[in-house]
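The values are calculated or read from the model by the stated rules, or taken from the named source; none is laboratory data. Note that the structure is predicted; figures quoted are calculated from it, not measured. A quick note on method: Cβ atoms are made from the backbone with ideal geometry, for glycine too, and the neighbour counts reach across all protein chains shown. Keep in mind that these areas ignore ligands, DNA and RNA; they rest on the heavy atoms of the full protein, side chains included. Shrake-Rupley method; radii C 1.70, N 1.55, O 1.52, S 1.80 Å.
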Amino acid sequence: MTDGRRRAREETGVIRQNGAVDATPAAGKPLFLLAVMSSEPACQAVHEAAATLDGVRCEAWVGAPSPAFTDAPPPEVDAVLLDLDPDDVGAMTVVQRLRAGPLAAVPVIVAAPATTCAATMRRLFHLGMVDVVLHPLRASDLHGALVRARAAGTGMAGAQERRGRVVAFLKAGGGAGATTLAVQAGCLLAAGDAGTAGEARGVCLLDFDVQAGTAALFLDLDDRVGLADLLDAADRLDGELLRSVMTRHDSGLHVLAAPREVLPLDVVAPEVVDDCLALARCAYDTVLIDLPGAWTAWSHRIVQNADLVVLVMQMGVDGVRRARRHIETMRRHGLDGVALCLVLNRHRRHWGHRAEVREVERALGRPFDCIVPSDFALVREAIDRGVPLHAVRRRSKVESGLRRLLAMIAGAGGMPPHGSVVLQRGGNGLRAINSKAAGQGGDEEWKSRPTRRPYAATPGR
Ligand SMILES: Nc1ncnc2c1ncn2[C@@H]1O[C@H](COP(=O)(O)OP(=O)(O)OP(=O)(O)O)[C@@H](O)[C@H]1O
Ligand SMILES: [Mg+2]
């Protein structure tokens, strides 16, 4: 065992390693299968199955995969076999992290309890598992799963490249412009007008604002089919069904319309969100999602799985307060590793506006990534006609403001968390505020400056 692998094993919390069986063929690189099993007999069964295959090198550990395992797996792994109960929320979180982390391109087999139902099995496949074997483990099933994993291994790197990016739009208060920006960004991306090459599989916008969604309305699209139909048919959700409930806009953007009626927020099950995202990632290059203003278990799940979260706010004390709340909520719920694009929308230039922007940035503890100017007449006309902005006026300032957002969307998936960018700036108040997030004290530095600060953080709010 290499040092790296030994260190990784120690860090994962896996309690003990079983003896490794090496079925390495005389020539060629063997497939390295890492199995994390719940019991010693299960490890033994895996070794026996692996020994029946040429070119498979197997290591089986007894334990449960921890977040450390999914975030920093041992190097050189070609396939993973996980022994878990898919009805256990924690176990499924591990699978999701695995799909989003460094092992995203590695085939994963799940060993599940015999009682696992068909719907759960489908979910596992939607999440990208190459096979599911049931307990008690049979050599023939494991053999078949390993053959599939080996075959998939060669194609998985390409599949990973084809995995679409998910971009979630959050609004810091009603009317901030999240839907407007999601719709307009979607139209530009779909029309290939955003300098993003290779959007061959297209762009979709999923309106998950179940109580107040207006994406279809903003594009003048028929909203008779949409999210409500998807939720009704959640137990037979597949790629075909997903496409069938979308409506295509002339720009090429596919839209999943929000329900016509106001539905309770808990009408969406987190598992349906998982399936929907997994399918949408397969079917589209870019998946934009308009979220409700309220946090729910399923919106948390969307943010957790997003490659980029776009937080849209307007200038004003209330906008700043709401944006802070979202940023703080993300931090408190362990979502601060998710890349965040902070957008100031409807920005009006006036005397001293730059200083005001800086003031807000200090209050938020990070700079804006994108500032979109206000042009109510233009945006209103685009919405009323259901067209992209450039159909109303070419080269508008609002569209130029959107370019930075489009660039961030195009780069989403491989970006470092934005927090590191903020820290690198250093030498000003931003650094101090970020240190506070790390538990080192805080934003006192800029609060003590004797200038007018309407957006200053107020303790306890
Ligand atoms: N850059 C902009 N300049 C001028 N007006 C804008 C701009 N962006 C959005 N608007 C206007 O703001 C209004 C609210 O926008 P939108 O519906 O997108 O907000 P939201 O964040 O989705 O909030 P909600 O979902 O609560 O309606 C719209 O009527 C739109 O015309
Ligand atoms: Mg909206």
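Given region 27-129, what strands (runs of 3 or more DSSP E) lie entirely inside it while holding 2 or more residues that are over 30 Å from residue 242 (Cβ atoms) and not assigned by TED's automatic domain parsing to the domain that holds residue 233? Output list reads 31-37, 56-62.
For region 248-288, enumerate the residues that are more than 16 Å from residue 227 (Cα to Cα), over 19 Å from the mean Cα position of the chain (by Cα) and acidic (Asp, Glu). Matches in region 248-288: 250 only. In region 181-195, of all residues being within 12 Å of residue 409 (Cβ to Cβ) and assigned to a loop (DSSP other than H, G, I, E, B), the one that is modelled with the lowest pLDDT corresponds to 195. Residue 372 meets all of the listed conditions (1) within 16 Å of ligand 2 (Cβ to nearest atom); (2) touching a Ser or Thr at 6+ places or on another chain (Cβ under 8 Å); (3) open to solvent by less than 30 Å² (accessible area, probe 1.4 Å) but one, namely (2).
Just one of the numbered conditions (1) in contact with a Lys or Arg (Cβ under 6 Å, 6 or more places away or on another chain); (2) surrounded by 19 or more Cβ atoms within 10 Å (Cβ to Cβ) is not true of residue 326: (1). Residues that are open to solvent by 10 Å² or more (accessible area, probe 1.4 Å) and not in a helix (DSSP H, G or I) within region 271-305 comprise 285, 293, 294, 295, 296, listed in sequence order. Those helices (runs of 4 or more DSSP H) of region 377-427 in which at least 1 residues are at pLDDT 50 or above and open to solvent by 30 Å² or more (accessible area, probe 1.4 Å), considering only elements entirely within it, cover 389-392, 397-411.
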